[in-house]
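Here is the structure we will look at.
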Amino acid sequence: MSASTNETIWRQWTLLRAMPRAPRQKTVAELSADLAKEGIEVSRRTVERDLQNLSARFPLVADDSSKPFGWSWMRDANIEFTPRLSIPQGIALLLAQVHLRPLLPDSLMRELMPIFYLARQEMAHGAWNDWHRRTAVVPTAMALLPPVIDRHVLNDVHEALAMRRQLVAEYRSKGARESREVTIHPLGLVVRGSVQYLVCTLFDYDNIRQLALHRLSRTRRSHEQASVPEGFDFQAYAKSAAKYESQGLIKLVARFSAGAAEHLRETPLSSDQQVVAAEGGEHVDVSATVELDQTLRWWLKAFGSNVAVIEPQALRDEMRRDAMASVEHYGGA
């Protein structure tokens, strides 16, 4: 098979995969853009010729009621040329639709809808058909309602990040009343709780920033290539970003009421954790090597009177000061 024949088959296969099912439609320009995302650069005329040839063999339809024409699979088209999904693949797709929605751009969701449909069809009559409805991920902390993110902003952020392009936007810093225009070099997305952050650099600086998406406005994508700081590894950065205002590792020793610490026997703080019964049997002393950051502080404070930090002394003093301040807030002793 010649190279040109291979290229034609791959191009036409990609067109079929990009084609939405009616009533959704795509124009020739939109389909050409889909090809470009796959690295296939051809003329508009080539795409039109491919569509005419494919429509003679597959149940494709062109809506000529308005211009430009919209192309789609027929509503009841049975797309049997695609490989059947296995049960694990179907389960994974339906779970992804439920749990990964915040991280999936609208453009990808639109492309995935036919696949989600096929997954539901494939799983419809099996024992695993409602697995995605019988599993759930629940928060371990106070669940806050997510802030409102402008749909246009979200789409621009996703597209700029995917295409590695700069983004121009107005950003309002936390606590500020006014926004300022910034040039953004997107590096990745981080979801912390109910808030999404764009990891990036600004202008020509190399220092890494996190911009809350709900504080962005008036975004517009640039054709300029986004720059990446030398040696930057997003996954390594995301791992370190989980350590909120970290001050390094410490050896924590804390006295818990026995009931409050029971879950730590099953889900330890660290691999070197030790739990030792204190005198009297009503308390236990827990020791573990942990990260000293705001997450640890919030976690300890959530136990209230059921925990007292013993070591390190600086953290004990800090927790004591906070406890005394809380007493004052409640009207003193």
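The values are calculated or read from the model by the stated rules, or taken from the named source; none is laboratory data. Just so we're clear, the structure is a prediction, and the values are computed from it rather than from any experiment. Cβ: placed from backbone, ideal geometry, glycine included. Neighbour counts: every protein chain shown.
Among GLN97, GLN89, which is the only one that is at pLDDT 80 or above and either among the aliphatic types (A, V, I, L, M) or under 18 Å from the mean Cα position of the chain (by Cα) (or both)?
GLN97 is the lone residue from the list that is at pLDDT 80 or above and either among the aliphatic types (A, V, I, L, M) or under 18 Å from the mean Cα position of the chain (by Cα) (or both).
Quick check: is even one residue across segment 285-296 of a type in the set (S, T, N, Q), under 19 Å from THR140 (Cα atoms) and surrounded by 15 or more Cβ atoms within 10 Å (Cβ to Cβ)? The answer is yes, given that some residue of segment 285-296 is of a type in the set (S, T, N, Q), under 19 Å from THR140 (Cα atoms) and surrounded by 15 or more Cβ atoms within 10 Å (Cβ to Cβ).
Scan (1) touching a residue at least 24 places away in the same chain (Cβ under 8 Å); (2) among the aromatic types (Phe, Trp, Tyr); (3) farther than 20 Å from LYS251 by Cα for the single condition PHE303 breaks and write down its number. Single failed check for PHE303: (3). Against the list (1) in contact with a helix residue (DSSP H, G or I) (Cβ under 6 Å, 6 or more places away or on another chain); (2) surrounded by 11 or more Cβ atoms within 10 Å (Cβ to Cβ), the condition LYS301 fails is (1). Residues in segment 47-78 that are more than 21 Å from GLU111 (Cα to Cα) and surrounded by 16 or more Cβ atoms within 10 Å (Cβ to Cβ): 0 in all.
Here the strands (runs of 3 or more DSSP E) wholly within segment 229-333 that include at least 2 residues being in contact with a Lys or Arg (Cβ under 8 Å, 6 or more places away or on another chain) are 283-291, 307-311.
Flag: TYR171 matches the condition of being among the hydroxyl-bearing types (Ser, Thr, Tyr) and at pLDDT 95 or above.
Just one residue in the set ALA18, ALA33 is closer than 16 Å to ARG110 by Cα and crowded, with 16+ Cβ neighbours inside 10 Å; that residue is ALA18. The residue that is surrounded by the most Cβ atoms within 10 Å (Cβ to Cβ), among those in segment 108-140 that are in contact (Cβ under 8 Å) with a residue 40 or more places away in the chain and in a loop (DSSP other than H, G, I, E, B), is TRP128. Of the strands (runs of 3 or more DSSP E) lying entirely inside segment 148-227, those containing at least 2 residues that are hydrophobic (A, V, I, L, M, F, W, C) and surrounded by 13 or more Cβ atoms within 10 Å (Cβ to Cβ) span 165-171, 180-192, 195-202, 209-212. Per the listing LEU85, LEU93, the residue uniquely surrounded by 16 or more Cβ atoms within 10 Å (Cβ to Cβ), in contact (Cβ under 8 Å) with a residue 24 or more places away in the chain and not in a loop (DSSP other than H, G, I, E, B) is LEU93.
Does SER194 meet the test of being touching a residue at least 24 places away in the same chain (Cβ under 8 Å) and over 15 Å from the mean Cα position of the chain (by Cα)? Talk me through it step by step, then tell me what you get.
Values: touching a residue at least 24 places away in the same chain (Cβ under 8 Å): yes; over 15 Å from the mean Cα position of the chain (by Cα): no.
Considered against the rule, which asks whether it is touching a residue at least 24 places away in the same chain (Cβ under 8 Å) and over 15 Å from the mean Cα position of the chain (by Cα), SER194 comes out as no.
Here HIS158 passes the criteria (1) in the same structural domain as LEU189 (by TED's automatic domain parsing); (2) in contact (Cβ under 8 Å) with a residue 12 or more places away in the chain; (3) out of contact with any helix residue (DSSP H, G or I) (no Cβ under 8 Å at 6 or more places or on another chain) except the one numbered (3). In this structure, SER227 does not qualify as polar (S, T, N, Q) and modelled with pLDDT under 95.
Here the helices (runs of 4 or more DSSP H) wholly within segment 1-81 that include at least 3 residues being over 24 Å from TYR117 (Cβ atoms) and of a type in the set (Ser, Thr, Tyr) are 3-18. One residue is enough: does segment 18-34 have a residue meeting the conditions free of Cβ contacts under 8 Å to residues at least 12 places away in the same chain and under 20 Å from ALA162 (Cα atoms)? Yes, segment 18-34 contains a residue that is free of Cβ contacts under 8 Å to residues at least 12 places away in the same chain and under 20 Å from ALA162 (Cα atoms).
From the residues in segment 238-259 that are surrounded by 11 or more Cβ atoms within 10 Å (Cβ to Cβ), under 33 Å from the mean Cα position of the chain (by Cα) and at pLDDT 90 or above, which one is farthest from VAL309 (Cα to Cα)? Restricting to residues being surrounded by 11 or more Cβ atoms within 10 Å (Cβ to Cβ), under 33 Å from the mean Cα position of the chain (by Cα) and at pLDDT 90 or above, the top hit is ALA238.
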